[in-house]
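Enquirer: First the structure, which I've put down as structure tokens, then a few questions once you've had a look.
The values are calculated or read from the model by the stated rules, or taken from the named source; none is laboratory data. From a predicted model like this one, the values you see are computed outputs, not experimental measurements. So basically every Cβ, Gly included, is an ideal-geometry build from the backbone, and we count neighbours across all protein chains shown. These accessible areas exclude ligands, DNA and RNA; they are computed on the full protein's heavy atoms, side chains included. Shrake-Rupley method; radii C 1.70, N 1.55, O 1.52, S 1.80 Å.
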Amino acid sequence: MDKKQLFTPGPTEVPQETLLESAKPVIHHRKQVFKELFRETTENLKYVFASEKSDVHILSSTGTGAMEAAVLNFTSPGDSAAVIVSGKFGERWRDLCKSFDVNAEIIEYEWGDYCKPDDVRKVIKEKNIKAVFATLVETSTGTVNPIRELAEVTSQAGVLLVVDAVSGLGCDRLEMDKWDVDVVVSGSQKALMTPPGLGFVCVNSKAKDALQENKRKNYYWNLKKSQKSLGKMQTPYTSPVNLIKGLNNSLKMIISEGMEAVWGRHQKLSGGAQAGIEEMGLEIFSKSPAAGLTAVKIPSPDKIGESFTKHCEKKYGVVLAGGQAHLKGKIFRIAHMGYYDEMDVVKSLAAIEATLNDLGERNVLGCGVKAALEKFSGR
Ligand code: PMP
């Protein structure tokens, strides 16, 4: 039997009701029926971004498109930006800045480490920084960054804070209004429990002002144009209507669970995953583990390496992610972001134990599962 379950940090499992909602007939993006769907979906998205005052732009793109839109719309050529790099997705901010003639002041950390807001404060003081580009959850290392503390620094300095929450939104706590985060970008395919293909850029009032001053002449990723369309409950070009239908279903599920409960569930799942991994004698990779995924060092990487995730998928149908860039064959990553519960985590741990046993690495059968169950039971 070829039964598989995704435990990858994007795309993730999607509830069947959401898939069915997306399979409904196509509606026209300029008709009233779409405007009603769009109004409801943007309102529901604001709940997840924890922002009443922001504009949420829904883009026909993946997360990277939303990142590119943020760089294009909130910087002008020749501006300087502080860019926090501690993994693959911080590097993406750096590369986007370079592509669009933004002087990137790189604040770099070892992969697996997290950002220290005082370092950012120092760079802001020394350089004429327009914006800080940060990452809520660095998916390549399973690390959550202290965005709340970072926002205190940028608010005081009057500098824009732009956060990539492609990973993290809907699993790791992020409160845009309360923390004063200016721009948050995300995507549909992770904790928002929707297939890939939608990008989001959420813009607060400070960033809306910055948008008006922007000097670039970008055509498609033009948030000024999109802002006008938002007023009419539309997108400037044909909307990805069926993905939006699906998204709205998943957002309703999040709303009925409640954001605090959703954050709490993810915290619990990561606690269980970490307890299980440690009980197997394996090491967590990150110094600040995220709620939505757990990155783990592969024991004896020279012997097991990339065959670990391949075996786990082939024999047990548990699809884990390997490491990226220099971490290929060195770590594996278990996602528990979005449509996941305690038994999903237990299943992933059982498959990891069985894989370790099959590959002759160690016999820890049942150890991680027991530790996770004990953690979940609160005893
Ligand atoms: N940022 C982060 C933190 C991500 O995890 C990802 C996707 N893994 C992206 C950006 C890029 O998103 P996409 O692949 O949807 O373009």
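Enquirer: Counting alpha carbon pairs within less than 8 Å and at least 6 residues apart, what relative contact order, in whole percent, applies to the range 16-257?
Expert: 30
Enquirer: Using a cut-off of 12 Å between beta-carbons, work out the net charge of the residues near Ser348 (Lys and Arg +1, Asp and Glu -1, Ser348 not included).
Expert: Local net charge: -4.
Enquirer: Still on this structure, I have one more. Compute, for Leu20, the solvent-accessible surface of its heavy atoms (probe 1.4 Å) with the complete set of protein chains present, and express it in square angstrom to the nearest 10.
Expert: For Leu20, the solvent-accessible surface is approximately 110 Å².
Enquirer: Could you order His311, His326 by accessible surface area, starting with the largest, using a probe radius of 1.4 Å?
Expert: These residues rank, largest area first, as His326, His311.
Enquirer: Among 154-164, 205-215, how do they line up from the highest to the lowest mean number of other beta-carbon atoms within 10 Å?
Expert: The densest-packed peptide leads the list: 154-164, 205-215.
Enquirer: How much net charge surrounds Lys125 when only the other residues with a Cβ under 14 Å from the Cβ of Lys125 are counted, with Lys and Arg +1 and Asp and Glu -1?
Expert: For residues surrounding Lys125, the net value is -1.
Enquirer: Still on this structure, please answer the following. Using the beta-carbon distance between Lys4 and Asn128 and R0 = 41 Å, what value does 1/(1 + (r/R0)^6) give for FRET efficiency, to the nearest 0.05?
Expert: About 0.20, to the nearest 0.05.
Enquirer: Starting from the Kirkwood Rh over alpha-carbon pairs, what translational D in µm² s⁻¹ does the range 16-257 have by Stokes-Einstein at 20 °C and 1.002 mPa s?
Expert: The Stokes-Einstein estimate is 120 µm²/s.
Enquirer: With θ set to phi - 60° and the Karplus curve 6.51 cos²θ - 1.76 cosθ + 1.60, what are the ³J(HN,Hα) couplings of the range 48-63 in order, to the nearest whole Hz, using x for Gly and Pro?
Expert: 6, 6, 6, 9, 8, 9, 7, 9, 10, 9, 9, 10, 7, 6, 8, x
Enquirer: Hey, what number do you get for the chain at 222 nm if only DSSP H runs of n ≥ 4 count, each worth -39500 (n - 2.57), divided across all residues, to the nearest 500?
Expert: Rounded to the nearest 500, the figure is -14000 deg cm²/dmol.
Enquirer: At 1.4 Å probe size, with the rest of the protein present, what percent of the exposed accessible area of the chain is carbon and sulfur atoms?
Expert: That fraction is 49 percent.
Enquirer: With each label point set 7 Å from Cα along the Cα-Cβ vector, what nm distance links Glu17 and Arg148?
Expert: About 3.1 nm, to one decimal.
Enquirer: Follow-up question, since we're still on this one. Please give the helix 307-316 orientation as an angle from the longest Cα principal axis of the chain, in degrees from 0 to 90, rounded to the nearest 10.
Expert: Rounded to the nearest ten degrees, it is 80.
Enquirer: How much length is gained if the chain between Glu175 and Arg30 is pulled fully straight, taking 0.36 nm per residue apart and subtracting their Cα-Cα distance, in nm to one decimal?
Expert: Fully extending the segment from Glu175 to Arg30 adds 49.0 nm.
Enquirer: Using label points projected 7 Å from each Cα along Cα→Cβ, tell me how many nm separate Tyr47 and Tyr237, to one decimal.
Expert: It is 3.1 nm.
Enquirer: Report Asp358's accessible area, 1.4 Å probe, all protein chains in place, as a number in Å² to the nearest 10.
Expert: Counting only protein heavy atoms, Asp358 exposes about 60 Å² to solvent.
Enquirer: By per-residue mean of other Cβ atoms within 10 Å, what is the highest-first order of 275-281, 370-376?
Expert: Highest mean packing first, the order is 275-281, 370-376.
Enquirer: Calculate the length of the line joining the C-alpha centroid of the range 234-310 to that of the range 343-379, in whole Å.
Expert: The range 234-310 and the range 343-379 have Cα centres separated by 17 Å.
Enquirer: Straight-line reach from Lys347: which lysines have a Cα under 21 Å away, not including same-chain ones fewer than 8 places off?
Expert: Lys3, Lys4, Lys190, Lys268, Lys297, Lys310, Lys314, Lys315, Lys370, Lys375
Enquirer: Got the relative contact order for the range 140-293 handy, in percent, Cα pairs under 8 Å and 6 or more residues apart? Please report the intermediate quantities before stating the final value.
Expert: Working: 166 pairs, mean separation 45.8, N = 154.
Once divided by the residue count of the range 140-293, the mean separation gives 30 percent.
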